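Novice: Starting off with a structure, shown below.
The values are calculated or read from the model by the stated rules, or taken from the named source; none is laboratory data. As the structure is a prediction and not an experimental result, all values here were calculated from the model. Ideal geometry is used to build each Cβ from the backbone, glycine not excepted, and the neighbour counts take in all protein chains shown.
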Amino acid sequence: MTTKILVVDDDPDLLLLLRVTLGAEDYQSLLARNGEDAVREIQTEDPDLVLLDIMMPIMDGWQVLRWMTEKGLDTPVIVVSAKASESDVAKALELGATDYVTKPFDPDELLQSILAVLDRSPEDRNRRRVERLAALSAGTA
């Protein structure tokens with residue numbers, strides 16, 4: 001079974017880069033240009049992982065994370081954003097994101113993050129998310 005990864009970003013160049021990068025690793029990539037399209041893809045395709053930008057038109061990444069939480073979805077989400085402040089990372093983790101990668105990123109490092117997230121159980125993902133959030137709150141992250 002092929003792992004489906006939903007890539008959500010309004011930058012067409014980044015969507016292409018990630019589609020090629022993920023395809024080279026035998027992942028099936030699904031693409032969405034905004035949060036509204038992402039919600040539709042999540043509902044119809046049930047991806048194994050979501051790579052989610054924050055700053056997008058129509059519906060931003062924060063709204064997508066809130067929607068996923070409200071629906072009780074445990075699909076892992078790696079936020080991939082140019083927003084690099086600790087408060088943004090903390091907000092993403094509080095809203096249920098599993099990991100946070102800052103743009104610009106090294107595609108190999110993003111693949112490492114994807115592998116690590118997919119290898120963990122939902123319980124382990126949640127435990128690590130809570131630990132990272134605690135470290136951010138303590139100023140040790």
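Novice: Here is a list: E86, E41. Which entry is at pLDDT below 95 and farther than 19 Å from D119 by Cα? Steps first, answer last, please.
Specialist: Values: E41 fails: at pLDDT below 95.
Matching residue, one of E86, E41: E86.
Novice: Still on this structure: For residues in region 16-37 being of a type in the set (D, E) and part of a helix (DSSP H, G or I), which is surrounded by the most Cβ atoms within 10 Å (Cβ to Cβ)? Break it down stepwise before answering.
Specialist: Just the residues of region 16-37 that are of a type in the set (D, E), to begin with: 25-26, 36-37.
Next, only the ones that are part of a helix (DSSP H, G or I) stay: 36-37.
Numbers: E36: 15, D37: 19.
Restricting to residues being of a type in the set (D, E) and part of a helix (DSSP H, G or I), the top hit is D37.
Novice: Please specify each residue of region 34-44 satisfying the condition of being over 15 Å from P12 (Cα atoms) and of a type in the set (A, V, I, L, M, F, W, C).
Specialist: V39, I42
Novice: Which one of P47, P104, P57 is in contact (Cβ under 8 Å) with a residue 40 or more places away in the chain, closer than 16 Å to D9 by Cα and surrounded by fewer than 20 Cβ atoms within 10 Å (Cβ to Cβ)?
Specialist: On the way: P47 fails: surrounded by fewer than 20 Cβ atoms within 10 Å (Cβ to Cβ); P104 fails: in contact (Cβ under 8 Å) with a residue 40 or more places away in the chain.
Going through P47, P104, P57 in turn, just one is in contact (Cβ under 8 Å) with a residue 40 or more places away in the chain, closer than 16 Å to D9 by Cα and surrounded by fewer than 20 Cβ atoms within 10 Å (Cβ to Cβ): P57.
Novice: So V7 passes all but one of these: (1) farther than 21 Å from R120 by Cβ; (2) assigned to a strand (DSSP E or B). Which condition number does it fail?
Specialist: (1)
Novice: Report, by residue number, each residue of region 52-69 that is at pLDDT 95 or above and part of a helix (DSSP H, G or I).
Specialist: G61, W62, Q63, V64, L65, R66, W67, M68
Novice: Also, quick follow-up: Within region 101-136, how many residues turn out to be of a type outside the set (K, R), assigned to a loop (DSSP other than H, G, I, E, B) and within 14 Å of the chain's Cα centre (by Cα)? I'd like the intermediate steps shown before the answer.
Specialist: Within region 101-136, the subset of a type outside the set (K, R) is 101-102, 104-119, 121-124, 126, 130-131, 133-136.
Now drop any that are not assigned to a loop (DSSP other than H, G, I, E, B), which leaves 104-106, 121.
Those left that are additionally within 14 Å of the chain's Cα centre (by Cα): 105.
The qualifying residues number 1.
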